[in-house]
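Q: The structure under discussion is supplied below as structure tokens; questions concerning it will follow.
The values are calculated or read from the model by the stated rules, or taken from the named source; none is laboratory data. Remember, predicted model here, so these are calculated numbers, not experimental data. Glycine also receives a Cβ, built like all others from the backbone with ideal geometry; neighbour counts cover every protein chain displayed. All accessible areas refer to the heavy atoms of the entire protein, side chains included, with ligands and DNA or RNA removed. Shrake-Rupley method; radii C 1.70, N 1.55, O 1.52, S 1.80 Å.
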Amino acid sequence: MELHRLIDPTFDLEGFIIYASITIGILDSRVNFHEAEEFLRAAEIANYNAKEQGLQYPTVVYDPSIQIKALERFHMKIELRQAISEQQLQLFYQPIVDLSAFQVLGFEALIRWQHPQRGWILPDKFIPLAEQTGLIIPLGDWILGAPCRQLSIWQYQFLDYLPLSLSVDLSGIQLHERDIVSKIIHHYQSLQGLQVTLKLEITESMLMINTQTIINSLEELHAVGIKISIDDFVTGYSSLSYLPDLPVDSLKIDRSFVSCMEKEKCSLGIIQTIITLAHTLGLNVIAEGVETVSEMKILGSLVCKYKQGYLFYRPMPPHQIEDWL
Ligand code: C2E
Ligand code: CA
């Protein structure tokens, strides 16, 4: 920590304030290594781990389990690259319901990876890796294009039954891409004959860096008719002050609040506050992760119109959606 304190402070370089920071990987000299390269590689692995963890004082002491994890990540990165080119990725679709109108409002597209050996892998296991390695850019392009192509196929088969909105999760890294606005608009235009609303789900933490640039991009997208939803509202970084400046259409209540609301007054209070806030600002509100009838009833009594959860439908692959439609 002392080293960090010495090196981390900002310094002035010919009038420019420079922010420097270090990450430290430490190796205990008693390890059973013989070659200098083995020591260096282990220290580098510990250092890399320190970088990844986003600690305040990034220092990690090497232990063999780190090396195993690093190897696993290395393999997964190669496999994920292949997965994109070999079409092992698939979007599942989870319906969002409006019980008051006995209607399905739309679908949220959720990615899955069908690994040739390990079977289905959920996004929490590979989206963070894709974000750290930059693979989220080609992956994100695919994620935007695939549901648009799927809907254009379905429109001929199920014209009268297709729900009206399609929600796609956007990663923060994608939003910082230079040509992201034109890419998204290009995909959106492929939906235009279909009367389908494209909704982008973003998290509040995406607004932490380059807030004004992100708001400008969202405004451009909103201007052409694309809707914006704030996902997992108030679960992480949250600043209510920017909400009125954002072209937002809906707030999503995270499953962590819904699943605890019957046991914890605090979760119920947060849900009530989000719903009141949404109504005051004229926004829609969607509760995620509804699993029980009593959760559904409580949310109904709080006038939360839209719901998503296993109680209604699980995310389904396209062929199941076709049977269901
Ligand atoms: P999220 O955006 O909050 O998505 C909702 C997650 O809750 C999904 O998990 C969904 O399957 C799950 N879920 C829905 N209803 C219930 C329920 O009643 N009970 C329980 N236990 N779970 C429920 P999933 O598909 O594993 O996705 C996890 C996260 O991965 C997503 O959270 C999202 O942050 C990310 N993700 C998923 N697909 C994509 C994608 O295409 N692009 C990006 N950038 N992120 C994605
Ligand atoms: Ca989402």
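Q: Considering region 87-106 alone, what residues qualify as being closer than 26 Å to Gly140 by Cα and more than 16 Å from ligand 2 (Cβ to nearest atom)?
A: Gln87, Gln88, Leu89, Gln90, Val104
Q: Which one of the conditions (1) within 11 Å of ligand 1 (Cβ to nearest atom); (2) more than 13 Å from the chain's Cα centre (by Cα); (3) at pLDDT below 85 does Ala146 fail to meet, given that it meets all the rest?
A: Looking at each condition in turn, Ala146 falls short on (3).
Q: Where in region 172-229 are the helices (runs of 4 or more DSSP H), entirely inside, with at least 3 residues that are surrounded by fewer than 19 Cβ atoms within 10 Å (Cβ to Cβ)?
A: Because the criterion is at least 3 residues that are surrounded by fewer than 19 Cβ atoms within 10 Å (Cβ to Cβ), the helices (runs of 4 or more DSSP H) in region 172-229 that meet it are 180-189, 211-223.
Q: While we're on this one: Quick check on Ile143: is it of a type outside the set (D, E, K, R) and buried (at least 19 other Cβ atoms within 10 Å of the Cβ)?
A: Yes; evaluated as a whole, the condition is true for this residue.
Q: While we're here: For region 219-242, what are the residues that are under 18 Å from Tyr188 (Cα atoms) and within 16 Å of ligand 2 (Cβ to nearest atom)?
A: Matches in region 219-242: Ile226, Lys227, Ile228, Ser229.
Q: Name the single residue, out of those in region 260-282 being under 23 Å from the mean Cα position of the chain (by Cα) and farther than 20 Å from Tyr242 by Cα, that is modelled with the highest pLDDT.
A: Going through the qualifying residues, I end up with Cys260.
Q: Also, quick follow-up: Name the residues in region 154-195 that are within 16 Å of ligand 1 (Cβ to nearest atom), among the charged types (D, E, K, R) and closer than 16 Å to Glu219 by Cα, would you?
A: Residues satisfying the conditions are Glu177, Lys183.
Q: In addition: Say whether the condition of being within 23 Å of Leu144 (Cα to Cα), part of a helix (DSSP H, G or I) and over 19 Å from the mean Cα position of the chain (by Cα) is met by at least one residue in region 285-294.
A: Checked against the condition, which is being within 23 Å of Leu144 (Cα to Cα), part of a helix (DSSP H, G or I) and over 19 Å from the mean Cα position of the chain (by Cα), region 285-294 yields no hits at all.
Q: Which one of these does Gly269 not meet: (1) within 16 Å of ligand 1 (Cβ to nearest atom); (2) exposed (fewer than 13 other Cβ atoms within 10 Å of the Cβ); (3) not β-branched (Val, Ile, Thr)?
A: (1)
Q: Among the numbered criteria (1) away from ligand 1 (no atom under 16 Å from the Cβ); (2) in a loop (DSSP other than H, G, I, E, B); (3) without any contact (Cβ under 8 Å) to a residue 12 or more places away in the chain, which one does Tyr57 miss?
A: Tyr57 satisfies every listed condition except (3).
Q: Moving on to the next point. Which residue out of Ser238, Ser250, Ser294 is open to solvent by less than 20 Å² (accessible area, probe 1.4 Å), within 16 Å of ligand 1 (Cβ to nearest atom) and out of contact with any Pro (no Cβ under 8 Å at 6 or more places or on another chain)?
A: Exactly one residue qualifies, and that residue is Ser250.
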